[in-house]
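The values are calculated or read from the model by the stated rules, or taken from the named source; none is laboratory data. In this text, all values refer to a predicted model and were calculated from it rather than measured experimentally. Positions of Cβ are generated from backbone atoms using ideal geometry, with glycine treated the same way; all protein chains shown enter the neighbour counts.
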Amino acid sequence: MSARKNDLCNQIYQLKITLRGSKPPIWRRVLVPGRATLYQLHWIIQMAMGWTNSHLHQFIIGGEYYSEPSPFDFEQVVDERKFKLCELIPFEKARFVYEYDFGDSWQHVILVEKIIPPEPGARYPRCIKGKRACPPEDVGGVWGYEEMLAALKDSSHPEHEMYVEWIGDDFDPEEFDLEWVNDDLSELKI
């Protein structure tokens with residue numbers, strides 16, 4: 001590994017993860033060690049966004065597809081467990097995609113905002129900011145989430161009761177609990 005890549009592996013990547021198509025935007029800002037593998041980044045995204053890891057996922061970086069290979073793959077994928085963030089994304093302002101649940105197609109645009117030195121004594125990964133609640137699993141993608149929110153707001157909507165029964169009547173799309181996310185992330189060792 002070159003000295004530049006080795007140095008990047010010891011740095012911290014500030015990533016902004018935005019759920020594509022969400023209006024208003026649903027996003028998280030996380031600090032991730034450059035040495036994190038894409039597989040570890042998958043778990044960071046799952047925890048930061050609030051997903052439950054119930055579906056397949058993939059990263060799309062420079063036209064390559066990275067995931068956990070399976071004998072059932074339709075297309076060949078590069079093994080995400082073998083590549084570190086610092087090896088694939090060596091510069092700030094780079095963008096790449098994380099897709100979760102190929103049926104609902106939750107696409108996340110990941111922007112490398114900064115690459116910075118680690119703070120002495122700080123724990124990583126860590127979420128430093130975020131906006132809005134994560135949509136529930138299996139709601140049907142961004143359009144299904146919008147439909148769910150509309151139905152929850154309108155008690156005369158034909159699907160109002162179904163959504164209340166499924167998700168509850170206390171679901172707040174504006175809620176984001178930074179402490180809860182960081183409690184989850186504290187369990188990851190990178």
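Structural remarks
- Scanning segment 144-186 for residues that are touching a residue at least 60 places away in the same chain (Cβ under 8 Å) and exposed (fewer than 14 other Cβ atoms within 10 Å of the Cβ) turns up just one, SER186.
- Some residue of segment 75-88 being touching a Pro at 6+ places or on another chain (Cβ under 6 Å) and assigned to a loop (DSSP other than H, G, I, E, B): yes
- Here LYS153 meets the list (1) modelled with pLDDT of 95 or more; (2) within 22 Å of GLY21 (Cα to Cα) almost entirely, failing just condition (1).
- Subset of segment 82-97 that is surrounded by fewer than 13 Cβ atoms within 10 Å (Cβ to Cβ) and over 12 Å from THR37 (Cβ atoms) - its residue that is modelled with the lowest pLDDT: PHE91
- Checking each residue of segment 61-79 against the condition of being of a type outside the set (Val, Ile, Thr) and in contact with a Cys (Cβ under 6 Å, 6 or more places away or on another chain) gives no match.
- Neighbours by Cβ (under 6 Å, 6+ apart or cross-chain): first from segment 61-81, within 21 Å of LEU111 (Cα to Cα); second among the polar types (S, T, N, Q) and modelled with pLDDT of 95 or more: TYR65/GLN58; SER67/GLN58; GLU80/SER67; ARG81/THR37
- For segment 58-81, the tally of residues that are under 21 Å from GLU187 (Cα atoms) and buried (at least 21 other Cβ atoms within 10 Å of the Cβ) stands at 1.
- Criterion (among the aromatic types (Phe, Trp, Tyr), within 30 Å of ILE12 (Cα to Cα) and more than 19 Å from the chain's Cα centre (by Cα)) met by exactly one of PHE171, PHE91, PHE176, PHE102: PHE91
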